[in-house]
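Okay, so here's the structure we're looking at.
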Amino acid sequence: MAKTGQGPGWGRFWIAEEDALLKRAYERSESLTPLQHILGRSRFSIRWRAEYLGLRGSHANQSGWRTSPDWTEAEEATLRRQYGVIPTTELARQMGRTRASLTTRAHAMGLTHGFHKPWTDDDCRALRLAHINGVALRDLADALGRNYAAVHKYAAKHGYSFVRHPRATPPLTLADILNLPAG
């Protein structure tokens, strides 16, 4: 095996007929999945060979299996501006894309949803003051602009147990909570 230039894990050599089938699939914009069964090769082997033959990007679906339109700069700017600000389902509807498409693209762009933003010193201080002064956890979550469950979990992890309190009328702002007495 070493004499043929193959090592452990290497498959059999590609032959001209297999290359022709692969090239034809790219020319006709066909799915490459059936070639796995026809040629008895893995999808990775087929992708590697397509790249080796310079077929990369010559397939009609430049985005591979993804059939949705490519993202425009304007759409990416909208995603950067709105992701985590409004519910993802609503943003997807407005943009005419699926929720999965938005979350996948946001992840690729390094965006984080507002519910997962790091806690600031003011956020932590507001949590402590809200606990001391009997502010409803729902009011605190709204003032922080965070998901109720996320605030509840963070509070519990830091030893704050909130009992049910009536909601404030009018709703409290973060500034209102930060101005509460410390004890």
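Key figures for this structure:
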{"quantity": "Failed condition for A175, given (1) in contact with a Phe, Trp or Tyr (Cβ under 6 Å, 6 or more places away or on another chain); (2) under 19 Å from K117 (Cβ atoms)", "calculated": "(1)"}
{"quantity": "Test: residue in region 99-106 that is free of Cβ contacts under 8 Å to residues at least 12 places away in the same chain and of a type in the set (A, V, I, L, M, F, W, C)", "calculated": "yes"}
{"quantity": "Residues of region 69-81 classified as surrounded by 11 or more Cβ atoms within 10 Å (Cβ to Cβ) and either at pLDDT below 90 or outside any helix (DSSP H, G or I) (or both), total", "calculated": "2"}
{"quantity": "Candidate set from region 121-131 (those that are over 13 Å from V163 (Cβ atoms) and of a type outside the set (G, A, S)); member that is surrounded by the most Cβ atoms within 10 Å (Cβ to Cβ)", "calculated": "L127"}
{"quantity": "Matching residues in region 115-160 - criterion: being among the aliphatic types (A, V, I, L, M) and closer than 20 Å to P181 by Cβ", "calculated": "A126, L127, L129, A130, I132, V135, A136, L137, L140, A143, L144, A155"}
{"quantity": "Which numbered condition R99 misses (of (1) touching a Ser or Thr at 6+ places or on another chain (Cβ under 6 Å); (2) under 18 Å from I177 (Cβ atoms))", "calculated": "(2)"}
{"quantity": "Pairs with Cβ under 8 Å, 6+ apart, first in region 4-21 and more than 20 Å from G54 (Cα to Cα), second modelled with pLDDT under 85", "calculated": "G7/M1"}
{"quantity": "Residues of region 161-178 satisfying the condition of being more than 13 Å from H131 (Cα to Cα) and surrounded by 10 or more Cβ atoms within 10 Å (Cβ to Cβ)", "calculated": "R167, A168, P171, L172, T173, L174, A175, D176"}
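The values are calculated or read from the model by the stated rules, or taken from the named source; none is laboratory data. The structure presented is a predicted model; accordingly, all values stated were derived computationally and were not measured. All Cβ positions, glycine included, derive from the backbone under ideal geometry; neighbour counts span all protein chains shown.
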